[in-house]
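A.B. asks: Got a structure for you, written out below as structure tokens; questions coming shortly.
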Amino acid sequence: MSTISNFLASTAAAALLAAALPAGAQPVPVPTAADREWRLLEVPMPKENISTPARVELGKTLFFDPRISNAGAMSCASCHEPSLGWADGRKTSIVGSDVMGRASPTIVNLGYNTLYTWDGRKKSLEEHAVGPHRHLSAPDFKAAAERISKISGYQAMFASAYPGEPIEVETIAKAMAAFQRSVVSNDSAFDRWLAGDTKALTPEQYRGYKVFSDSGKGNCAACHKGSNFTDNGFHNIGLKTADQGRFAFVKVASMKGAFKTPTLREIEMTAPYFHDGSATTLREVVDYYDKGGVDRSNVSPDIKPLNLSEQEKNDLVAFLRSLTSKSTQVIRPVLPQ
Amino acid sequence: MMKNLQITAILAILLTAAQAQAAEHVVSQKGRAFSVKQLSVKQGDSVKFVNEDPFAHNVFSLSETKSFDLGSHGTGTSKSVVMDKAGTVEVECAVHPDMKMVVEVKK
């Protein structure tokens, strides 16, 4: 009797659910074991710089402090603005009067990466914090460290975060790295679905996920694989560019015009796209890959025409939008004096 | 005519002997990793890299012992290199920098 009533109840629930869905739409299933491999784990930390609240707060303060730059006019947040997905919304960054050659990448989930910058020339977040480009070069950073070390408010913060350690470039870099490891996106609709909430994804988003991960369809997971949606690898995706990319550091032919696979988490918030900011919308990105790139002279074998249908393209974009976390307001720090 | 046949026969024997001595070692690329981290081979042996992943890999080395770039190769394909000099050869995949292995080439 109980079984029959359960059956009737589940049948009624299924009927109600089907009625609530658009015609032809299938309900989103529970994630399989293979799906759950996309779940994000805790951010790894080097044992010599385990994050603490004091370290994260110090790093955040430094991240937003323009006194760290050579002219005192820009901070890390100038190009990694929290309200713009920790990127800057520009095609390529503008520093002073200089237009940079590459787009500002988001710092979201940087703690999961193994190499840093578009060309991978930085091997740790600590190293990445120092001299990311010529406007915040290593010599400038050293001068900035001396300025910072004379600010009494910072002296107290450093004493709390790194007791016994001098206020110098390395300590500043460690604090900045600790802060960046705290900028994590792990509560998107996709994450909630992976945790078992089948209502977290729309049927359209779920279909997009299947297109994304199917090597015979979108083939996106060939590079955007792993819980942070990057293989930490370098690929020439067929963009027409004079930028040598990874080849400047690894003299291997396939690295000419190859750039690091960016995470797709918070991708909706970080337009424009690609290393040169040449795609304005996610739909443009999908259309680009559907064509198999533009300059195929040194393109990765994984980039080829996809022939996706209109629905598959729409589903793919819908899935990418499911990688956005619930928005939280970032409170800017009061800069110490 | 007879002399030419003799030379051909000698060359064939030498070639067969050389082939018999040179071994082929197979290393697969699967799950963004080489199937072995260390490989010991004899000078003259070849190493064949088979891509068992559903995406492209590369094989290269900038080692002093042996510098080579086998290019990018897609799923199901393979590339080979002859280790013709004794020493240590650090092999990497340029596409996936976390993929590394070492080949020790012995005399």
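A.B. asks: Mind listing which GluC sites (Glu not before Pro) in the range A:28-110 are in a DSSP loop and have 10 or fewer other Cβ atoms within 10 Å?
C.D. replies: Working: sites: A:E37, A:E42, A:E48, A:E57; in loops: A:E42.
Those satisfying the criteria are A:E42.
A.B. asks: Give me, ordered by chain and number, the residues 5 or more places off B:V26 or on other chains with an amide H under 5 Å from its own placed amide H.
C.D. replies: The answer is B:K48.
A.B. asks: Helix A:53-63 sits at what angle to the longest principal axis of chain A, using alpha carbons and giving 0 to 90 degrees rounded to 10?
C.D. replies: The angle comes out near 80 degrees.
A.B. asks: Then there's this: Assuming a ≥ b ≥ c are the square roots of the Cα gyration tensor eigenvalues, decide whether chain A counts as rounded (a/c under 1.5), prolate (otherwise, with a/b larger than b/c) or oblate. Could the numbers behind the result be given before it?
C.D. replies: Working: a/c = 2.48, a/b = 1.49, b/c = 1.66.
In terms of gyration-tensor shape, oblate.
A.B. asks: How big is the range B:24-106 in terms of Cα radius of gyration and Dmax, in angstroms?
C.D. replies: 11.5, 33
A.B. asks: Which angle from 0 to 90°, rounded to the nearest 10, does the C-alpha axis of helix A:282-291 make with the longest principal axis of chain A?
C.D. replies: The answer is roughly 70 degrees.
A.B. asks: Would you compute the Debye intensity of the range A:89-208 from its alpha-carbon atoms alone, equal scatterers and no solvent, and pass along log10 I(q)/I(0) at q = 0.09, 0.15, 0.23 Å⁻¹ to two decimals?
C.D. replies: Each listed q corresponds, in turn, to -0.39, -0.85, -1.30.
We did not get these values from a lab; they are worked out from the coordinates using the rules stated. Remember, predicted model here, so these are calculated numbers, not experimental data. Every residue, glycine as well, gets a Cβ built from its backbone with ideal geometry; the counts of neighbours run over all protein chains shown.
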